[in-house]
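Here is the structure we will look at.
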Number of protein chains: 2
Amino acid sequence: MTHPPPPPGPAPRITLREVAERAGVSRTTASFVLSGRRDMRISADAEGRVRQAARELNYRPSLLARSLRTNSSQTIGLLSDQIASEMFAGESVRGALTSALQHEHLLFVGETGGDPEVERSLIQGMLDRGVGGFVHASMYTQVVRIPSTLRRHPVVLMNCYTRGKRLPAVIPDEAEGGRSVARELMERGHRDGIVLVGEHTAQAVAGEERLAGIREVLTAHGTDLAAIVDCLWWPDPAYRAVSEFLATGRRPSAFICLNDRIAFGVYQAVQELGWRVPHDVSVISFDDSDLAGWLRPALTSVAIPYFEMGRLAIELLLKPDTPAAVQLVPMPMHRRDSVGSPA
Amino acid sequence: MTHPPPPPGPAPRITLREVAERAGVSRTTASFVLSGRRDMRISADAEGRVRQAARELNYRPSLLARSLRTNSSQTIGLLSDQIASEMFAGESVRGALTSALQHEHLLFVGETGGDPEVERSLIQGMLDRGVGGFVHASMYTQVVRIPSTLRRHPVVLMNCYTRGKRLPAVIPDEAEGGRSVARELMERGHRDGIVLVGEHTAQAVAGEERLAGIREVLTAHGTDLAAIVDCLWWPDPAYRAVSEFLATGRRPSAFICLNDRIAFGVYQAVQELGWRVPHDVSVISFDDSDLAGWLRPALTSVAIPYFEMGRLAIELLLKPDTPAAVQLVPMPMHRRDSVGSPA
């Protein structure tokens, strides 16, 4: 992971003033349009001209960060149980940073390790440093309890929610993700011989919801899963469990893997038998991590919208009228080369 | 990447007071020992007792965060060109967070996208919010120019350095990493037929330094690389380049891959020919990313010390007498199952 793509050269910098001049509006108007703020009335015509000028000049909105200077109280605290210990979940931090900057806010980042006492300390430390609102994030979709201190401040939950669902939260639409995976297989003609791989019980909200979505579509097509291969969500356990399953002589038409790491293990197991994906068996998965694009053939996978969750959490935090409800974020499918018709 | 390991339960919380009592020292003394501070004279005996008590009680030092409350100016800004857009580089952010917390500091995190103007804005915004020092980080080891504003404040560079090397910096010891990889192959008896895979020129400090270290050891053993297969540091380009190379009839004894993604592509190419790793060909790599443990057989790889670089950058920033020099961080080798004797 150490090779630079050609570094983006220092392109000539377009200023907000240049955009405003080209659009024939004031700098303030241009700033309001490009930062997405809605607390100033701007005509649709002016807004259109600003956006067009910005496009034509290739103006990058991060420039708005200049006004960070005059808004030193605009500070948000992001509290996460884990930071980037997962392969690509750090994208949610990036989404949050991007949105915060567009709204001229800075971001404290803290890792709680899931420890309520550490979280309370971090909250207090952040409050003492002028933080006005919090994002409480979880690396895995789950039901959480949050410190009572947090409830006294603006807070949005990211990738988690409280049991009563009485706080604003953003989580992936796992059930719909499950439906889309099942639909994809239905459209290719799979009916019998669809095998789910991955433990789907325990605290894992994701697994349960995905399974529910999958079953809903299969039932509507008059079928059901042929089997569930139970294993942890890692390549090696999946490789072992699927190898054992196939050793019994079963011949699935498609594997639904609850994440890309499981799919990696499934590839290893079927390729060891000399089977080709998708000619001999189809594989479809959840995550759309880098791994999905690296496998051979590349893996069709439903994305966890980490960046979008991070972005949306900040948007909701800064909006004055955010409802105290769970907001589902779509999980787009990235189609690659691992799904075909039944053998 | 969505499955929770069993969440760490809320273990009974050991306080600093309990550690101090067991060690027979004051709370302040215990705090100084456990936070690694050196600005108070503490006897080796007392220090030993505190450390032993902490071990026995399973005391977690993050508790030190409690005093965040009274030190609202203790704030550090971490400026990175990219945040977590790479697979595991976010570990450096984690290392920085961990160390900052141990020293009762909080961390602003900002992503510059490599844009000096964005960086200047972020710096100003952070200064306005009480930041006293900065870590300027790069996701790929490289020579950088930093904004002049930064030079007026305490700053440590992480995974990068300035041309004159006149600022404190932490970077991986790439040359020694290269030597250790070559030594590993020498010890297994490889001499001829060692092939390097990956582009090693361009701005990539890592590639050049690793190659220099590798060649140093090979020369000392009276040999040299049999070939260099030039390709981008990704699975697909590596797969194609190595497949083409092998199609000429060459039969290497070992591949040195400049990162784990390249090694993934090499595995795909050789396994397609029916070769087994390491029986038919050895593979060794750099990164020690998650991928290394997921490949079959698991891949021997030299780690990029992201967490340690993050941790060390903060330590150096907070030490009063940090020299303005580049500090090399060791790259430990994680031996797995991909290196054997020549076929």
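What number in nm² do you get for chain A if you take the convex hull of its Cα atoms and divide its surface by four?
20.8
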Averaged over its residues, how many other protein chain Cβ atoms are within 10 Å of peptide B:125-134's Cβ atoms? 5
Averaged over B:103-112, number of beta-carbon atoms from partner chains that fall within 10 Å: 5
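So, R0 is 56 Å and r is the distance between the beta-carbons of A:Lys319 and B:Val326; what FRET efficiency does that work out to, to 0.05?
0.75
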Whole-Å distance, taken between Cα centres, linking the range A:101-144 and the range B:130-208: 32
What lysines could a cross-link reach from B:Lys165, if we take a straight Cα to Cα line under 30 Å and drop same-chain neighbours fewer than 8 places away? B:Lys319
Which FRET efficiency value, to the nearest 0.05, is calculated for A:Arg191 and A:Leu273 with the Förster distance at 22 angstrom and r the Cβ-Cβ distance? 0.45
Calculate, in whole percent, how much of the Cα-Cα pair population of the protein assembly as shown lies beyond 36 Å. 47
Enumerate the amide H contacts of B:Leu157 below 5 Å, restricted to partners 5 or more residues apart or on another chain; note that Pro and chain-start residues carry no placed amide H. B:His136, B:Ala169, B:Val170
For the pair A:Asn58 and B:Glu21, how long in nm is the line joining their label points, each one 7 Å along Cα→Cβ? 6.6
Rounded to the nearest 20 debye, dipole of the protein assembly as shown from Cβ charges on Lys, Arg, Asp, Glu: 1780
In nm, spacing of pseudo-spin labels at B:Ala343 and B:Arg166 (7 Å Cα→C-beta vector): 5.5
For peptide B:253-259, what's the mean number of Cβ atoms from other chains within 10 Å of each residue's Cβ? 1
Can you give the relative contact order of chain A as a percent, counting alpha carbon pairs under 8 Å and 6+ residues apart? 17
With each label point set 7 Å from Cα along the Cα-Cβ vector, what nm distance links A:Leu225 and B:Ile228? 5.1
Sequence-distant residues sharing a close amide H with B:Gly130 (under 5 Å, placed H): none
Sites A:Arg41 and B:Arg151, calculated FRET efficiency, Cβ-Cβ separation with R0 41 Å, nearest 0.05: 0.40
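The numbers here are math on the coordinates, done by the rules we state, and not lab data. Please read these numbers as outputs of a predicted model, since none were measured by experiment. Glycine gets a Cβ as well: all are built from the backbone with ideal geometry, and neighbour counts include every protein chain shown.
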